[in-house]
Amino acid sequence: MNDKKQAEFIPFHAINEFMRSDYRLIVIRNALLALPKLDRGLSAPIDRLTKKLVRVPGFRNSVKAPASVKAVAMVKPFEKSPKLVAAILAAWAESKSELRQQIHDILIAREWKILPIEADRTKLPGFLTHWPAEDDFEVLYTAYTEAYPDDDASIDDMSLMVVWLAGRLPIDKISKDEIPEPETPEEESET
């Protein structure tokens, strides 16, 4: 093997330590509301995990509950299940495809080492722990608002999209030059 630095991952549900509870509920609700318009490949895992992990009073099948009611019941499982976090964030990011492309372009321009936009991040074991010290959320939000002055994404949405696309949480801040290239997750089947 070569002397690549060992990638350190923490489970996806560690993101809850970085999210305000009101914003967590907004993200879950927005992802659930977007599901009918998204590819079945994004909604099927959420439906499967909802059936397994989420209990909505008055519904034998929690999948059938209205999105806003289901979102409230999903908060606790979201705090504990890395697979549910990954599925919800994948749907949320897909529902915000314009912001996703904008943030991807900003990160590439800032020389972040990230996976291609179409990579299935749900296949990763979690978030990487190394974060470019030069780019905190405020710096990135300034870059976003300068590049897209007519858009109105909140710093919360922009920050979450950065975390999801980069596959990183700001735990160990190091120089961009020290961050290894991410490895593309293995696909279950190729056609």
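None of the figures in this text is laboratory data; all of them are computed from the coordinates on show. Small disclaimer: the values here were computed from a predicted structure and weren't measured. Here the Cβ is made from the backbone with ideal geometry for all residues, glycine too, and neighbour counts use every protein chain on show.
Taken over the range 51-129, the ratio of Cα radius of gyration to 2.2 N^0.38 Å equals 1.35.
Taking only alpha carbon atoms, the range 96-183 gives an Rg to Rh ratio of 0.93, where Rh is the Kirkwood radius. Quick one: which of Lys76/Lys96; Lys96/Lys176; Lys83/Lys123 span more than 21 angstrom between C-alpha atoms? As for pairs spanning more than 21 Å Cα to Cα, those are Lys76/Lys96; Lys96/Lys176. When the helices of the chain are scored as -39500 (n - 2.57) per DSSP H run of n ≥ 4 and the total is divided over every residue, the value at 222 nm lands at -15500 deg cm²/dmol. Relative to its Kirkwood radius, the Cα radius of gyration of the range 16-95 gives an Rg/Rh of 0.92.
Averaging the sequence gap over all C-alpha pairs within less than 8 Å and six or more residues apart, then dividing by the number of residues, gives the range 50-191 a relative contact order of 27 percent. The largest-to-smallest principal axis extents of the Cα set in the chain are 53, 45, 35 Å. State the answer as a single residue: which of Ala147, Leu169, Pro11 lies farthest towards the positive end of the charge dipole of the chain, with beta carbon charges of +1 for Lys and Arg and -1 for Asp and Glu, about the Cα centre. So the residue furthest toward the plus end is Pro11.
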